[in-house]
Amino acid sequence: MKKIHVIFFSFVCAALYTDATACTGLIVGRKASADGSVMISYAADSHTLYGEMYHWPAKDYPAGAMMEVVEWDTGKPLGRIPQVAHTCNVVGNMNEYQLAITESTFGGRDELVDSTGLIDYGSLIYITLQRARSAREAIGVMTALVADYGYCSSGESFSIADKNEAWIMEMVGRGAGRKGALWVAIRIPDDCISAHANQSRIRRIPFDDRDGCLYSPDVVSFARSQGYFEGKDKDFSFAGAYCPYDFGGLRACEARVWSFFSKYDAGMSKYEDFILGDASKEPMPLYIKPSRKLSVRDVQNGMRDHFEGTALDMTKDAGAGAYKSPYRWRPMHFKVDGQEYLNERAIATQQTGFVIVPQMRSWLPDAIGGILWFGVDDADMTVFNPVYSSSLQTPEAYRVGNGDMYEFSWTSAFWIHNWVANMAYGKYDFMIRDIRIVQKELEDRHEQSVAAIDKAASELYAVNPDEALRFLTWFSTSTAETSVARWKKLGEYLLVKYIDGNVKKEADGRFKRNPYGMPASPDFPGYDEDFYRAIVKSAGDKLKVNN
C-alpha cells in the first residue's frame, strides 16, 4: 500500500527503498497448510493510515444506481461507475464467500501511470470484494473494471485467494491516455507457498497453462512496442519488462520474500548474494514447496519477521541500540562522510496501520469458513484476533470515530497497541519478553475458541442461518474488545515495571514489597557488554575511573 506517492529512481520499484511506504504479502496453498485451509497475509504499512477494519454490508441496489469511486490513499473522488444489483458483505479484505484480496505496490515504469483512470488499486480491491465470489471471478472483475474505466495507480502485485486456490496477479497501467492495464495472473500450486513485497515477481509466463495462468492479450506485444522487450514470447519476463530488478528492489523487497522462504527451505541460502543486491545472480522462484506444512500461527509469526536468524538480522548491529531493537526510524537511507548507507526493511515494521491473515476453509459453510485474523499497528507486537467474514458489524475498537490518526482514544485498538509498541521500542529486549507472554496467551485462547465456535455455529447454521450470523458477529466483536482491554492492562504493567530504566522485582505475579509494605528496591540492569564497549570506544578516556 502506498500512502505517499513513490519517488522514482530509474524505475518506480527502486523507490520503495526510500521513504515510500510498502507492504508484504505471504501466500499458503491448501495442501501446504497444516489444516487444509488457504491462507494469505497483508500488512498495510503506511505512516498515515489509521488501523481500521472496513465494512460494507451486503446490499441490493435499484436499476441505474451509481457508485462513487474514491481513491483509497487520498480520499480524492475519482468518478462514478454503475453499481451492481447486489453486493456482498465485506469485512476488511475478505467477503462472506471466503474471497480475500490484498496487495503490495511495486511501482514499475513511471510512464505507464495513467492519472486519468477512474479505478485506483485500493478501489479495485474493495469494489471487487463486493462483487465476486471466487478468486477466478475476482480476476475477471478486476481486469474488466480497469478495461472499462481505466487504471490510475502504478504497478501492483495482488494476492487473490478463496477457499480452494490462491493466485498472484501483477498489473501495470498503459500510460497517459491509454485505458486499461497490462496484467498476468499465476495460480500458486496447492502444495506451495509464495510471497511478494513491493517488487514484481512474475517472470516467465506459462502461456499454454490455461488452468493456472491468465494474462492480458497484449502483455508481450505492448512491451515490444515500447522497447521494453525483444525476443520470443517464451523468453518474455513480466518483471523484466515492467519492473526490472535493481538494488532497491532486491535489498529492500525481495529480501523479505527470501527471509520467509528461508524458514521452509534450507536451500534458500544460495540466493543470498541475489537479495543483497546482485541482480546478475539467479533470481528466486515465484513459489516453493515448503519443508513442512504451515499453520495459521506460522503465517502470523511470519509477519513478525525482522530477518532473525539470517545474515540481515536487525538485532545484531549497532543500529539496534542498547536493547537490541529490530527497528530503524526512517528515512531508509543515510549518509556518513559522503557514503550512502541503508536501514534494513523487514516484514515487520513500525508504521503498519493494520495487519491481517485471511484464512479460507473449504470444509465449512462460507459463513463460517472465512476468518479474518486481524491486528493493528506493528505486526511484531499486535494480537491477531479472529473476525468471521460473515460478521454483520465490526468491533467498535476497530472503527474510525473511536479515535483516528489525529485523535488518541483509550478505547481504540490502534492507539492502545501503538502506546504499548512505542514504549517497547526503547527497551525492546526487556519488554518483548512480557509482550510475548500476553500475545501468546491471547492468541492461544483465540485459536482454542475458534474450534468450539465453528462447531456451535455450524449446528446453529443448519437450523437458523440468520441466528448463526448474529452469533458469529457477537463472538468476533466481543473477542476483539476483550483483547484490547487485556492489551491496555499490559501497557499499564509495562509502564510500572520499567519506569525510569529500572526493573521492578516480581514474585508470584506481583511486584515485591519490603516487610513494611513499601516497594522493594528495583533492579538496575544497565546495558550489556557490547553496548558498554561502544560507549568506551566513542568516549575515550573521559569516562575512565582513576582510583
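The values are calculated or read from the model by the stated rules, or taken from the named source; none is laboratory data. The structure presented is a predicted model; accordingly, all values stated were derived computationally and were not measured. Cβ coordinates were reconstructed from backbone atoms using ideal geometry, including for glycine residues, and neighbour counts include every protein chain displayed. Keep in mind that these areas ignore ligands, DNA and RNA; they rest on the heavy atoms of the full protein, side chains included. Shrake-Rupley method; radii C 1.70, N 1.55, O 1.52, S 1.80 Å.
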| Pairs with Cβ under 9 Å, 6+ apart, first in region 229-243 and of a type in the set (S, T, N, Q), second outside any strand (DSSP E or B) | Ser237/Ile202; Ser237/Arg203; Ser237/Ile205; Ser237/Phe229; Ser237/Pro244
| request: List every residue pair whose Cβ atoms sit under 9 Å apart, with the two residues 6 or more apart in sequence or on different chains, where the first one lies in region 507-536 and is under 16 Å from Tyr493 (Cβ atoms) and the second, anywhere, is open to solvent by 100 Å² or more (accessible area, probe 1.4 Å). | output: Pro519/Arg513; Pro522/Asp500
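Quick check on this structure: which one of Ser291, Ser269, Ser280 is under 25 Å from Glu165 (Cα atoms) and among the polar types (S, T, N, Q)? It would help to see each step written out before you state the result.
On the way: Ser269 fails: under 25 Å from Glu165 (Cα atoms); Ser280 fails: under 25 Å from Glu165 (Cα atoms).
One residue alone meets the criteria, Ser291.
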| query | Do we have any residue at all in region 279-290 that's modelled with pLDDT under 95, outside any helix (DSSP H, G or I) and on the phi > 0 side of the Ramachandran plot? | reply | no
| field | Lone unmet requirement of (1) in a loop (DSSP other than H, G, I, E, B); (2) under 29 Å from Glu459 (Cα atoms); (3) within 19 Å of the chain's Cα centre (by Cα) for Leu392 | value | (3)
| Top-ranked residue in region 493-547 [being out of contact with any Asp or Glu (no Cβ under 8 Å at 6 or more places or on another chain) and of a type in the set (S, T, N, Q); ranked as surrounded by the fewest Cβ atoms within 10 Å (Cβ to Cβ)] | Asn547
| task | Answer with yes or no whether Ser225 is at pLDDT 95 or above and closer than 26 Å to Ile288 by Cα. | result | no
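Could you pull out the residue among Asp211, Asp218, Asp246 that is free of Cβ contacts under 8 Å to residues at least 40 places away in the same chain, charged (D, E, K, R) and more than 21 Å from Ile40 (Cβ to Cβ)?
Values: Asp211 fails: more than 21 Å from Ile40 (Cβ to Cβ); Asp246 fails: free of Cβ contacts under 8 Å to residues at least 40 places away in the same chain.
The match here is Asp218.
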| note | Per the list (1) under 21 Å from the mean Cα position of the chain (by Cα); (2) farther than 30 Å from Ser295 by Cβ, residue check on Ala195 breaks on (2)
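For region 43-129, give me every one of the strands (runs of 3 or more DSSP E) that falls completely inside it and has 3 or more residues that are under 24 Å from the mean Cα position of the chain (by Cα) and at pLDDT 95 or above. Can you show your working first?
Details: elements: 66-70, 77-82, 100-107.
Fully inside region 43-129 and qualifying: 100-107.
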| said: Whether any residue in region 73-94 is touching a residue at least 24 places away in the same chain (Cβ under 8 Å) and within 26 Å of Cys213 (Cα to Cα) is what I want to check. | reply: yes
| query | What tally of residues in region 258-287 results from selecting those that are open to solvent by 10 Å² or more (accessible area, probe 1.4 Å), touching a residue at least 12 places away in the same chain (Cβ under 8 Å) and not aromatic (Phe, Trp, Tyr)? | reply | 13
| note | How many residues of region 26-51 are open to solvent by 50 Å² or more (accessible area, probe 1.4 Å) and acidic (Asp, Glu)? The answer is 1
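Keeping to region 232-243, report how many residues are within 30 Å of Ala44 (Cβ to Cβ) and open to solvent by 10 Å² or more (accessible area, probe 1.4 Å).
Number satisfying all stated conditions: 2.
If a residue counts only when it is open to solvent by 10 Å² or more (accessible area, probe 1.4 Å), which strands (runs of 3 or more DSSP E) contained entirely in region 131-231 have at least 2 such residues? It would help to see each step written out before you state the result.
Values: elements: 155-161, 166-173, 181-188, 193-196, 213-215.
Per the criteria, 181-188, 213-215.
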| If you go through region 396-417 one residue at a time, do you hit one that is open to solvent by less than 10 Å² (accessible area, probe 1.4 Å), of a type in the set (Val, Ile, Thr) and either touching a residue at least 60 places away in the same chain (Cβ under 8 Å) or in a strand (DSSP E or B) (or both)? | yes
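I want to confirm something. Restricting to region 1-42 and keeping residues that are modelled with pLDDT under 90 and not in a loop (DSSP other than H, G, I, E, B), which single residue is nearest to Trp329 (Cα to Cα)?
Out of the qualifying residues, it is Ala15.
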| So Ala379 clears everything in (1) surrounded by fewer than 18 Cβ atoms within 10 Å (Cβ to Cβ); (2) closer than 28 Å to Tyr50 by Cβ; (3) not β-branched (Val, Ile, Thr) except one condition, right? Which one? | (1)
| Leading residue by the ranking (farthest from the chain's Cα centre (by Cα)) among those in region 319-353 that are within 21 Å of Asn418 (Cα to Cα) and of a type in the set (Phe, Trp, Tyr) | Tyr323
| query | Of the numbered conditions (1) within 27 Å of Glu52 (Cβ to Cβ); (2) touching a Phe, Trp or Tyr at 6+ places or on another chain (Cβ under 9 Å), Leu460 satisfies every one except a single condition; which is it? | reply | (1)
| field | When residues of region 330-342 are limited to those that are at pLDDT below 95 and in a loop (DSSP other than H, G, I, E, B), the one surrounded by the fewest Cβ atoms within 10 Å (Cβ to Cβ) | value | Pro331
| Boolean, Phe475 is in contact with a Phe, Trp or Tyr (Cβ under 9 Å, 6 or more places away or on another chain), under 23 Å from Arg399 (Cβ atoms) and of a type in the set (Phe, Trp, Tyr) | yes
| task | Only one of these is modelled with pLDDT of 95 or more and closer than 18 Å to Gln350 by Cα: Arg251, Arg304. Name it. | result | Arg304
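Going residue by residue through region 81-98, is there one that turns out to be charged (D, E, K, R) and either crowded, with 24+ Cβ neighbours inside 10 Å or out of contact with any Ser or Thr (no Cβ under 9 Å at 6 or more places or on another chain) (or both)? Quick ask: steps written out before the conclusion?
Looking only at region 81-98, we keep the residues that are charged (D, E, K, R), and these are 96.
Checking the rest, the ones that are also either crowded, with 24+ Cβ neighbours inside 10 Å or out of contact with any Ser or Thr (no Cβ under 9 Å at 6 or more places or on another chain) (or both) come to none.
No; the residues of region 81-98 include none that is charged (D, E, K, R) and either crowded, with 24+ Cβ neighbours inside 10 Å or out of contact with any Ser or Thr (no Cβ under 9 Å at 6 or more places or on another chain) (or both).
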| If you take the residues in region 232-261 that are of a type in the set (Asp, Glu) and not in a loop (DSSP other than H, G, I, E, B), which one is nearest to the chain's Cα centre (by Cα)? | Glu254
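Given the condition over 26 Å from Arg486 (Cα atoms), open to solvent by 20 Å² or more (accessible area, probe 1.4 Å) and outside any loop (DSSP other than H, G, I, E, B), answer yes or no: does some residue in region 350-363 qualify? Even if it seems obvious, please write down each step before you answer.
Looking only at region 350-363, we keep the residues that are over 26 Å from Arg486 (Cα atoms), and these are 360-363.
The next check asks that each one be open to solvent by 20 Å² or more (accessible area, probe 1.4 Å); those that pass are 362-363.
Cutting the leftovers down to outside any loop (DSSP other than H, G, I, E, B) gives us none.
No: zero hits.
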